[in-house]
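Structure record follows, encoded as structure tokens.
The values are calculated or read from the model by the stated rules, or taken from the named source; none is laboratory data. Fair warning: this is a prediction, and the values are worked out from it, not measured in the lab. All Cβ positions, glycine included, derive from the backbone under ideal geometry; neighbour counts span all protein chains shown.
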């Protein structure tokens with residue numbers, strides 16, 4: 001079944017904004033939803049109401065929405081730490097949007113979960129969807145709870161609930177506090193980057209590939225054949241140290257600018273967070289197209305353009 005109209009919550013965020021642009025580029029009618037203070041991207045229609053099912057249904061009367069993509073979340077930015085807001089935004093609001101989706105006749109709901117739902121995992125063993133959800137941090141716990149609540153409510157209301165546990169997404173449009181933008185800013189300024197020893201293993205996915213995965217999740221949910229939880233990941237382990245070194249090479253920065261070990265690991269640092277993409281591949285055919293090195297090259301180029309950095313720099317690596 002062809003997707004004709006989609007509603008995207010959290011459309012002002014990193015993933016939501018990229019998803020909105022992609023949907024519009026493919027000719028899909030897009031309704032973007034956000035808070036009054038949000039800077040929403042241009043779309044066919046804006047929705048600035050709380051996710052009260054009756055209010056959403058009244059506002060969107062006459063719209064035939066196929067899929068609701070729920071990208072909104074609280075707790076990603078370092079400043080978002082209020083526990084009551086986190087619970088409301090990541091648990092209760094998920095249920096509100098599932099009810100709203102059912103009220104407007106949507107046939108599918110795609111929930112952007114998080115790899116942090118898994119919590120601590122055994123090193124060098126890819127995490128599959130059967131791994132226990134034992135998050136020790138509030139964000140991961142709230143995302144897991146929101147997924148369970150939304151999934152159960154979706155079954156009750158007869159709407160296919162596709163739960164994607166998203167691993168490390170990067171690319172143009174990331175917030176400044178994220179790893180690659182932080183590295184870029186410091187290295188371009190010829191300043192030392194204060195880093196941990198960098199031995200954490202991560203699973204990174206370029207933003208264009210992440211959006212591909214979300215679109216495929218919507219398509220499979222519309223078919224009504226699959227629902228439940230799937231990992232959206234590359235399945236390729238890489239250390240934070242290797243990522244930092246790759247960014248430095250791309251920028252032609254001095255190796256001495258990378259201050260590995262200046263920072264301690266966080267108390268709840270997960271040293272292994274690498275997913276198993278097999279199950280989602282089997283149901284959707286999804287495979288990442290952009291390699292880590294190519295993704296870093298594109299991200300650095302976008303950050304350079306944003307900062308007005310000349311195209312050519314003299315290499316001083318090593």
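I'm told residue 93 meets every condition in (1) crowded, with 20+ Cβ neighbours inside 10 Å; (2) without any contact (Cβ under 8 Å) to a residue 40 or more places away in the chain except one. Can you identify the failing condition by its number?
(2)
Of all the strands (runs of 3 or more DSSP E) wholly in the stretch 14-110, which have at least 3 residues that are closer than 23 Å to residue 215 by Cα, under 22 Å from the mean Cα position of the chain (by Cα) and modelled with pLDDT of 95 or more?
Hits in the stretch 14-110: 29-33, 67-70.
Please tell me if residue 294 is free of Cβ contacts under 8 Å to residues at least 24 places away in the same chain, farther than 30 Å from residue 152 by Cβ and part of a helix (DSSP H, G or I).
No, not satisfied.
So which residues in the stretch 111-128 are on the phi < 0 side of the Ramachandran plot and either over 17 Å from the mean Cα position of the chain (by Cα) or in a helix (DSSP H, G or I) (or both), if there are any at all?
If the condition is that a residue be on the phi < 0 side of the Ramachandran plot and either over 17 Å from the mean Cα position of the chain (by Cα) or in a helix (DSSP H, G or I) (or both), then 115, 116, 117, 120, 121, 122, 123, 125, 126, 127, 128 are the ones that fit.
Just give me the residues in the stretch 142-173 being in a loop (DSSP other than H, G, I, E, B) and more than 14 Å from residue 100 (Cα to Cα), in sequence order.
Residues satisfying the conditions are 167, 171, 172, 173.
Scan the stretch 50-61 for residues that are over 30 Å from residue 135 (Cβ atoms) and surrounded by 14 or more Cβ atoms within 10 Å (Cβ to Cβ) and jot them down.
Step one: filter the stretch 50-61 for residues over 30 Å from residue 135 (Cβ atoms), giving 54-55, 57-61.
55, 57, 59, 60 - these are the residues of the stretch 50-61 that are over 30 Å from residue 135 (Cβ atoms) and surrounded by 14 or more Cβ atoms within 10 Å (Cβ to Cβ).
Could you check residue 121 against (1) under 21 Å from residue 13 (Cα atoms); (2) surrounded by 17 or more Cβ atoms within 10 Å (Cβ to Cβ); (3) modelled with pLDDT under 95 and say which number it fails?
Of the numbered conditions (1) under 21 Å from residue 13 (Cα atoms); (2) surrounded by 17 or more Cβ atoms within 10 Å (Cβ to Cβ); (3) modelled with pLDDT under 95, the odd one out for residue 121 is (1).
Would you mind stating whether residue 64 is touching a residue at least 24 places away in the same chain (Cβ under 8 Å), at negative phi and surrounded by 13 or more Cβ atoms within 10 Å (Cβ to Cβ)?
no
For the stretch 74-87, does any single residue satisfy the condition of being within 18 Å of residue 48 (Cα to Cα) and touching a helix residue (DSSP H, G or I) at 6+ places or on another chain (Cβ under 7 Å)?
yes
Kindly indicate whether residue 131 is free of Cβ contacts under 8 Å to residues at least 40 places away in the same chain and either under 22 Å from residue 237 (Cα atoms) or surrounded by 23 or more Cβ atoms within 10 Å (Cβ to Cβ) (or both).
Answer is yes for this residue.
Within the stretch 198-221, does at least one residue satisfy the condition of being out of contact with any helix residue (DSSP H, G or I) (no Cβ under 7 Å at 6 or more places or on another chain) and assigned to a loop (DSSP other than H, G, I, E, B)?
no
Looking at the stretch 275-291 only, could you name the residues that are within 12 Å of residue 164 (Cα to Cα), out of contact with any helix residue (DSSP H, G or I) (no Cβ under 8 Å at 6 or more places or on another chain) and not in a loop (DSSP other than H, G, I, E, B)?
Correct list: 279 only.
Identify the residue in the stretch 227-244 that is crowded, with 17+ Cβ neighbours inside 10 Å and part of a loop (DSSP other than H, G, I, E, B) and, among all such residues, is nearest to the chain's Cα centre (by Cα).
Across the stretch 227-244, the extreme among qualifying residues is 233.
Step by step: first the residues of the stretch 154-169, then only those that are buried (at least 20 other Cβ atoms within 10 Å of the Cβ) and more than 20 Å from residue 127 (Cα to Cα), then the one that is nearest to the chain's Cα centre (by Cα). Which residue is that?
161
Against the conditions (1) more than 24 Å from residue 209 (Cβ to Cβ); (2) in contact with a strand residue (DSSP E or B) (Cβ under 9 Å, 6 or more places away or on another chain); (3) not in a loop (DSSP other than H, G, I, E, B), where does residue 8 fall short? Just the number, please.
Single failed check for residue 8: (1).
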